[in-house]
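Inspection log for the structure reproduced underneath, given as C-alpha cells.
The values are calculated or read from the model by the stated rules, or taken from the named source; none is laboratory data. All figures in this text were calculated on a predicted structure; none of them were measured in a lab. In this analysis, Cβ positions are derived from the backbone assuming ideal geometry, glycine residues included, and neighbour counts consider all displayed protein chains. What goes into the accessible areas is simple: the full protein's heavy atoms, side chains included, and nothing from ligands, DNA or RNA. Shrake-Rupley method; radii C 1.70, N 1.55, O 1.52, S 1.80 Å.
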2 protein chains.
Amino acid sequence: MRGFAARSTVDEAIDWVDEHALPLGSTNVPIGDAHGRVLAEDVVSTLNVPAFDRSAMDGYAVRAEETSGAGMYNPLSFRVIGQSLPGQASDAVVKTGAAVRIMTGAPMPAGADAVVPVEVTREADGQVEITEATAVGKHVGRVGEDIAVGTTVLPAGRRLRPQDVAVLASLGIAEVPVISQPRVRIVVTGDELAQPGDEREEHQIYEANSFLLRGLVLRDGGVVTSIDFLPDDRESILSALTKSGADVVLVSGGSSVGAEDHAPSLVADAGKLAIHGIAMRPSSPTGIGRIDDTLVFLLPGNPVSCLCAYDFFAGRAIRQLGGRSPDWPYHRTTEMVARKLVSVVGRSDYCRVRLTENGIVPLAVSGASILSSTTRADGFVILSPESEGIAPGKSVDVYWYDQS
Amino acid sequence: MRGFAARSTVDEAIDWVDEHALPLGSTNVPIGDAHGRVLAEDVVSTLNVPAFDRSAMDGYAVRAEETSGAGMYNPLSFRVIGQSLPGQASDAVVKTGAAVRIMTGAPMPAGADAVVPVEVTREADGQVEITEATAVGKHVGRVGEDIAVGTTVLPAGRRLRPQDVAVLASLGIAEVPVISQPRVRIVVTGDELAQPGDEREEHQIYEANSFLLRGLVLRDGGVVTSIDFLPDDRESILSALTKSGADVVLVSGGSSVGAEDHAPSLVADAGKLAIHGIAMRPSSPTGIGRIDDTLVFLLPGNPVSCLCAYDFFAGRAIRQLGGRSPDWPYHRTTEMVARKLVSVVGRSDYCRVRLTENGIVPLAVSGASILSSTTRADGFVILSPESEGIAPGKSVDVYWYDQS
C-alpha cells in the first residue's frame, strides 16, 4: 500500500478522454431501429416530397377564378365530374363549371388549381354548391414543398428524433447509416460481493455497481456486452481486461493503490495507464488508460465514486465513441445557493444537492460510500479546483438527476 | 363528407384523457431490467447498509486516543497484528499499541475506533509508523449510515434512475414491483401508402407515421405490440380496433369527416367516441374515445398533425397509464420572440420555431403536411385559444425537441 504520489486534474483527465474517444465507424440499421441513433452521414433527398401536387384539405378541386363572388348568399354551382382519393387519382380534367371531389393528400386533377374545403360546400345530385371564393394554389400542396430533391434533410451527427426517422421514411429510405454503438464490458471485482436475491454472509455486501453502470451505459447509448464478477485476482482481471470484443472496459473496484488493487498495474503492463489518481472528491482513486484500442476506466468501488467517475470520464467517452455530444447528459439550470457548498482549493468537488424553497442545499451526509445520497439528491453541483466553496445567496449551475 | 359541426377545446380533450388514463397495475421485473421503469410501491429497507462498521479508507485501524501527538516529526509506532479485507474480516482484537491493516470497505476489527489513512503511515517489519493523529470514528462507516432498517428508500411513482436501481440492489432486492408498460397497437390506414425500400407507384407516398409513432411510444414508456397497415376498409379497421391485447390503439389516417374516414364511426359504434374535432391547428381532425378498456386515438394522417395530436393527447395517456408524469416530455425554457408568432383566437396553435441570435422565429412553412418543419425546427410554442399571437420582444415558453 502507498498513497497517490501526484494526482492529475479533472481537466487533464477529460483532455485525455477527448483525445482518445473518437466516433466509431458506421453501420446500417433498418429504419425501424433508427430512433435515438446518431446519423453517420448527411442525408440528401433523392426525391420530391410530395412527388405530385396534392390537396391539403378534404373538399373540391376547382379552377379558382371560377369561384370569384361565391358567398353564403351567392352559392355557385359546379358539376362534380370525378373523385380523387389518396393513391387513386382522378383522370378527369377540370374545365369550366366542373369540380372534382378530393380528399386530403389526394393528387390534384388536371386543370384544377385550388381546393375549396368541404366545410364551405354542399353536394347534391352531382352538383356542388360553393359558398366561399378561393384563390389559385389555395389548399394545394406543391411538388417538393416539404422536401425538394437535393436538399440536405438531416446532417451527419444528428441524434435521430421520432420525426427525423419519419422524414427518412417519407424519402423511402429503408436502411440508415448510423454510428456504431460502443460495446462496453463491465467488470466488477471484489471478494466481498453477494448478488441481490442471494443469501449474504456476515461481512459480504450486495453488489450494486453493475446495476448502476448498466443503466448509465444504456443512457449514454452504449451496449453492455457482458458483466463479469471477478475475485480480486490478477489472472482473472487481466483476462477480462485483454479479452477482445469491447470498445470500453469499465472496472469497478480495486482502482486505488492498496494491496488488493490489481487493475492499475495490469493496465500499465498490458497497455497504458494514462491517468491514475485525480484531484477530485469523490472518485480520487480513478484510473484511465487503454489496452490496444480499448479504453479502460478503473472506477472506485465506492458507489458514489463509481457514479461520479463514470459521469465525469467514462460516460463522456462512451457518448463520444457513439457520436453523441460530450456534454453532461443532465438538464442544467442556474439556482440560488441557500446553504454554503463546501469545497477545497486544488480539487474538483461533486456536491449532491437538494432543491428547497430558498434554493439549493448540500446533502449533509455525502461520503463516497453513501449511495443513498445520490437518490435523495435532486442533482449535483461541480465545484472547480479554484473554488473555495459557494456562499449562500450566490448563483450556481445545477445538473439535475433527470429521469433518464 | 361534411365539416365538423362543433369542435372540442384542447382542455376538454385533455380532461377526458386525464380522467381515463389511470396507471395500469403492477408487475415484478428482475432488478437488471428495472432502469427507467416506474416504481409501483414504496420500497422500505429491511436491512442496514452497511450491515457492519467498515473502513472508509485504505489504512490502519487503531484506537484513536493512541494517535494523540503523532506528527511528521513525531511518528508513533504500532504493531500490525492482522489484516481486514472486504469480505474477509480480521479476528484480531486491537488493544494498546496495536493496529490492523485495513482496506476500504473492510469490516472494522474489534477494539479499533478509527482508521488512519495509508498516506500518513509507513509500514516495515511488522510495525507501522503513523504521522498524523486521528479522532474516534474518523474514516469509519457506521452500521446503517447509508440506509437504516425501516427507511423508505424510494417512493412509489419514482422513475428509476441508475443510482436508484443500485440502491435497490444494495438492499439485496432481486425483483422490483413496477407499473406495467402500456401495450400500444399502431394502426396505419391508407390505400396510398408504400413502405420505405419498396417501389413506389406514381401517386403513392412512403409511409412515415408508423415510424414517427413508434419512436414516440418508446420515448413515453409504451410497448408497441404490433404495427398494422390496413386499406381504407371498415372491416379490417374494426377488427384492428377491437382485437384484444392493447391498452391503447393509435390509428393514423382516416380520422376526419371525409368519405374514407371510417374510424370515427367505428369507434362510436363499438364503444364511445368522446371527442371528435378539436379547436387546434394542426390536428383539428383528431378523435379520442374508447372501446371497452382500450383507449383509442384517431390521429390525422398528415404527419405534423399526427405528431402534434400524439403529443397533446396520446402520449399524455400513455405516460399516465405507465405511471409517468403527464407533463410534456420536452425540456422547456423561456425565450424572447424575434418575429411575430401568429395565432387565431378560439383555437390552440402548435407553432414550430427556430432559435436565432435574436430569439425565436416561427418557421415560414408550417402546414400540417410539411413534416420537415418538425425536423428543421428546434422546438415549438403552444399558443392558447385566448392568444391573438405573440409580438416580437415578448417572452414565451418554448418546448425543445430534445434528443430523446
Rounded to whole Å and sorted largest first, what semi-axes of the equivalent ellipsoid does the C-alpha gyration tensor of the protein assembly as shown yield via the square root of 5 times each eigenvalue? 63, 24, 24
One-quarter of the Cα convex hull surface for region B:1-145, in nm²? 16.9 nm²
Could you name the residue in chain A with the C-beta closest to the rotation axis that superposes chain A on chain B, along with the separation in whole Å? A:H331, 3
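How big is the antiparallel share of DSSP beta bridges in the protein assembly as shown, given as a percent to the nearest 5?
Values: 116 of 174 bridges.
Of those bridges, close to 65 percent are antiparallel.
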Alpha carbon centroid spacing (whole Å) that separates region B:104-173 from region B:366-387: 53 Å
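Among DSSP beta bridges lying fully in chain B, give the percent that are antiparallel, nearest 5.
Among the beta bridges of chain B, antiparallel pairing accounts for roughly 65 percent.
Any idea of the accessible area per residue across region B:54-141, 1.4 Å probe, to the nearest Å²? Display every interim value, and only then the final one.
Details: 3920 Å² over 88 residues.
It amounts to 45 Å² per residue over region B:54-141.
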State which stretch of chain B is the longest one without any exposed GluC sites (Glu not before Pro), exposure meaning a DSSP loop state and at most 12 other Cβ atoms within 10 Å. B:1-198
For B:P75, label point 7 Å along C-beta direction: distances to other copies, nm: 10.7
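Taking every DSSP beta bridge with both residues inside region A:75-176, roughly what % is antiparallel (nearest 5)? Walk me through the intermediate numbers first.
Details: 9 of 15 bridges.
Bridges in region A:75-176 that DSSP calls antiparallel: roughly 60 percent.
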Over chain A, what is the relative contact order in percent, taking alpha-carbon pairs closer than 8 angstrom and at least six residues apart? 16 percent
Using amide H atoms built in the peptide plane, which far-off residues or other-chain residues are under 5 Å from A:S84 H to H? A:R101, A:I102, A:M103
Calculate what fraction, in whole %, of the accessible area of the protein assembly as shown sits on carbon and sulfur atoms when a 1.4 Å probe is rolled over the protein chains. 47 percent
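Divide by every residue of chain A the summed helix terms, -39500 (n - 2.57) for each DSSP H run of at least 4, and state the resulting mean residue ellipticity at 222 nm, rounded to the nearest 500 deg cm²/dmol. Write out the running numbers ahead of the final one.
Numbers: 8 runs with 67 residues, N = 404.
Theoretical 222 nm ellipticity from helices: -4500 deg cm²/dmol.
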Sorting from shortest, the nanometre distances separating the label point of A:L22 (7 Å past Cα along the line to Cβ) from those of the same residue in the other copies are 5.8
Can you tell which of A:V398, A:A64, A:I275 lies farthest toward the positive end of the dipole of chain A, using +1 and -1 charges on the Cβ of basic and acidic side chains (Lys, Arg; Asp, Glu)? A:A64
Computed over region B:257-404, the distribution of all Cα-Cα distances in 10 Å bins, rounded to whole %, is 11, 37, 34, 15, 3, 0
So how long is each side of region A:196-281 along the principal axes, counting just the alpha-carbon atoms, biggest first, in Å? 38, 34, 30
What are the nm distances, shortest first, from B:S265 to its equivalents in the other copies, labels at 7 Å along Cα→Cβ? 8.3
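With a 1.4 Å probe, what is the total accessible area buried between chains B and A, in Å² rounded to the nearest 100?
Details: alone 19460 and 19470 Å², together 32220 Å².
By this definition, chains B and A bury close to 6700 Å².
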Where N is the number of residues in region A:331-400, Cα Rg divided by 2.2 N^0.38 Å: 1.01
For A:E123, enumerate residues with amide H under 5 Å from its amide H, sequence gap 5+ or separate chain, H modeled in the peptide plane. A:E129
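Where the only charges are on Cβ atoms (+1 Lys, Arg; -1 Asp, Glu), what is the dipole of chain A about its Cα centre, to the nearest 20 debye? Present the calculation step by step, with values, prior to reporting the outcome.
Values: 35 positive and 51 negative charges, 121 e Å.
It works out to roughly 580 debye.
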Rounding to the nearest 20 debye, state how big the charge dipole of the protein assembly as shown is about its Cα centre with +1 on each Lys and Arg Cβ and -1 on each Asp and Glu Cβ. 1080 debye
